[in-house]
Amino acid sequence: MEEKTKYLVQVACEILNKRGVDTGSGHPVITLLAGDGSQREFYRLCFENDLSFILITPTEGQKQGMAEALSSWSIGNHLYHRGVPVPELLGFNSNIGLIVSEDMGDVRLYEYIHGPHQDENSQFAVYRKIVRKLVRMQINGREGFDTSWCWQSGHYDRLLMLEKETGYFHEALVNDFMGLETHDSTLETEFKDLADQASKAPSGFFLHRDFQSRNIMLKEGVIRFIDYQGGRLGPLGYDLASLLIDPYVGLPEKMQEMLIDEYVMELKKNISYDIDQFRQEFIYLSLQRNLQMLGAFAFLSKQRNKSFFRQYIPPALNSLQSLLAKPLLQKYSALKQTTEICLAKAQPYDI
C-alpha cells in the first residue's frame, strides 16, 4: 500500500506542477477516504502550504475501472466548462486512471441536513439553490455533450429501465435480498408498461443519474455536484426525483411539493416545456428511480457486504408504497402487492 500511495503522490505532484501549482518543499500527506458504494478509491493529498486536493483512481483489478475514470474526466471537464457547479479537475493520468480534483471538503448535503441547528427553513433554502443549479446542469450540460464519453450507455432509455432498474429491483431486492421466488407475469407486464410510460419523456437533457444528498458537496456556502461519471442524456424528471425521494434524508412530502414548484419556476425561465406533462413524467420517473435505488441498496448490502445501506431499505420501501398510492400509479397492483410483502418481511428484522 505504501508503494502505491507514494506513486500516486508522485504522479499527482507532476500533474499539479504542470498546472503551476506550488506544492512546496515539505512531505505531502495522503489519506484514504471512504467511497460509499463506489469501487473507486479516493484520497486527500495535503501540502504544508495548506493546499489540498482529492485523488480518484480505479481500484486495482476493477473491471472497466479505466473506462469509468476516463468518463469521469471527460464528463467532469465538459460540465465545468459549461458552467455547471462541479469541482474543477486539474489533471488526469491515463496510464493509471488517476484524476486530481479540487478539494470540496467533507460536508455533503447529507451531513449538512443531519447537522445540528438545521430547521426546515434552512433546509429548504439550500435545496432551493440546488434545484435551480440542477436545471442549469440539465440544460447547459446537454450542449455539446458527446455520448462517446459515457462508459456505460449514452442514453437513459426503455431497455436500461427494464434491465438496470425494474430488473435490478426484482433480482437484487425481491429475489436475492428478500428471498422471494416470484414468477408473476403480471409484475413483468407492469414493469414493461412503466418503462413505456417513463420513456415517453423527452430525453435530450444531461442526466446525472445518482443525484442525491451524498453526491452534493457544501463548502463555505458553495455547492458542487460530484459522482457524475454515470451521466448520459435523459429526461428532466429523473434527477429531481432522485433528490426529492432520497431516503438518506427523508424530505417531508410538503417540502418535496414546494421544491417541485421551485424547479418548475426555474425551468420555465430557461426553456419552454409543458408543465402538466412534466408533472406526469415526474411521477413515472420517480417510480423508476425508487425501484433502482432499492435494487442498489440490496445489492450493495448483500453482494458487496456494505451494511451501511441496509438501513435505507425500509424507508425506500415506504417511499415506494407512497408512490404506488398515487392515482396515476394505482394500476400497478402486482408491484403494490410485492412491495407490501417486502415491507412485511422487512419490519420484524433489523435489516
### Message
Contact list please: Cβ distance under 7 Å, first residue in region 251-274 and in contact (Cβ under 8 Å) with a residue 60 or more places away in the chain and of a type in the set (A, V, I, L, M, F, W, C), second residue surrounded by 11 or more Cβ atoms within 10 Å (Cβ to Cβ) and not in a helix (DSSP H, G or I), pairs at least six apart or on different chains.
### Response
LEU267/TYR273
### Task
Identify all residues within region 251-264 that are surrounded by 13 or more Cβ atoms within 10 Å (Cβ to Cβ) and either touching a strand residue (DSSP E or B) at 6+ places or on another chain (Cβ under 8 Å) or in a helix (DSSP H, G or I) (or both); write none if there are none.
MET255, GLN256, MET258, LEU259, ILE260, GLU262, TYR263, VAL264
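State whether one or more residues within region 64-75 are of a type in the set (Ser, Thr, Tyr), assigned to a loop (DSSP other than H, G, I, E, B) and not assigned by TED's automatic domain parsing to the domain that holds PHE309. Give the derivation first.
Keep residues of region 64-75 that are of a type in the set (Ser, Thr, Tyr), which gives 71-72, 74.
This time we only want the ones that are assigned to a loop (DSSP other than H, G, I, E, B), so: none.
No, because not a single residue in region 64-75 is of a type in the set (Ser, Thr, Tyr), assigned to a loop (DSSP other than H, G, I, E, B) and not assigned by TED's automatic domain parsing to the domain that holds PHE309.
So in region 82-97, with the set limited to residues that are under 15 Å from ASP227 (Cα atoms) and touching a residue at least 24 places away in the same chain (Cβ under 8 Å), which one is surrounded by the fewest Cβ atoms within 10 Å (Cβ to Cβ)? Working first, answer last.
Here is the first cut: in region 82-97, the ones under 15 Å from ASP227 (Cα atoms) are 84-89.
Restricting the remaining residues to those that are touching a residue at least 24 places away in the same chain (Cβ under 8 Å) gives 84-87.
Details: VAL84: 23, PRO85: 18, VAL86: 26, PRO87: 21.
For region 82-97, the residue satisfying everything is PRO85.
How many of the residues in region 34-48 are surrounded by fewer than 13 Cβ atoms within 10 Å (Cβ to Cβ) and either part of a strand (DSSP E or B) or of a type outside the set (A, V, I, L, M, F, W, C) (or both)?
1
Results for (1) more than 26 Å from ALA34 (Cβ to Cβ); (2) within 18 Å of the chain's Cα centre (by Cα); (3) surrounded by 13 or more Cβ atoms within 10 Å (Cβ to Cβ); (4) not small (Gly, Ala, Ser), shown as yes or no for each residue.
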{"residue": "SER272", "(1), (2), (3), (4)": "yes, no, no, no"}
{"residue": "GLN288", "(1), (2), (3), (4)": "yes, yes, yes, yes"}
{"residue": "LEU291", "(1), (2), (3), (4)": "yes, yes, yes, yes"}
{"residue": "GLY295", "(1), (2), (3), (4)": "no, yes, yes, no"}
{"residue": "SER319", "(1), (2), (3), (4)": "no, yes, yes, no"}
### Summary
Those residues of region 98-140 that are touching a strand residue (DSSP E or B) at 6+ places or on another chain (Cβ under 6 Å) and assigned to a loop (DSSP other than H, G, I, E, B) come to a total of 4
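Please go through region 301-351 and pick out each residue that is in a loop (DSSP other than H, G, I, E, B) and within 20 Å of GLU171 (Cβ to Cβ). Walk me through how you get there before you give the answer.
Step one: list which residues in region 301-351 are in a loop (DSSP other than H, G, I, E, B), which gives 303-306, 325-326, 330-332, 347-351.
GLN303, ARG304, ASN305, LYS306, TYR332, ILE351, listed by residue number.
Quick one: which of LEU233, LEU244 is touching a residue at least 60 places away in the same chain (Cβ under 8 Å) and aliphatic (A, V, I, L, M)?
Working: LEU244 fails: touching a residue at least 60 places away in the same chain (Cβ under 8 Å).
Within the list LEU233, LEU244, the selection yields LEU233.
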## Note on the structure
Per the filter on region 39-58, residues over 16 Å from MET104 (Cα atoms) and touching a Ser or Thr at 6+ places or on another chain (Cβ under 9 Å) are GLN39, ARG40, GLU41, GLU48, ASN49
### Message
Just the residues that are under 12 Å from the mean Cα position of the chain (by Cα) and acidic (Asp, Glu), please, taken from region 190-248.
### Response
ASP210, ASP227, ASP239, ASP246
## Note on the structure
Residue pairs within 9 Å by beta carbon, gap of at least six or interchain, first lying in region 14-37 and at positive phi, second surrounded by 14 or more Cβ atoms within 10 Å (Cβ to Cβ), listed first then second, are GLY24/PHE47; GLY24/LEU51; ASP36/ARG214; ASP36/ASN215; ASP36/ASP227; ASP36/LEU300; ASP36/LYS306; ASP36/PHE309
### Message
Yes or no: region 119-131 includes at least one residue that is at pLDDT below 95, hydroxyl-bearing (Ser, Thr, Tyr) and over 18 Å from VAL86 (Cβ atoms).
### Response
yes
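The values are calculated or read from the model by the stated rules, or taken from the named source; none is laboratory data. Quantities reported herein were computed from a predicted structural model and do not represent experimental measurements. Note that each Cβ is placed from the backbone with ideal geometry, even for glycine, and that neighbours are counted across all protein chains shown.
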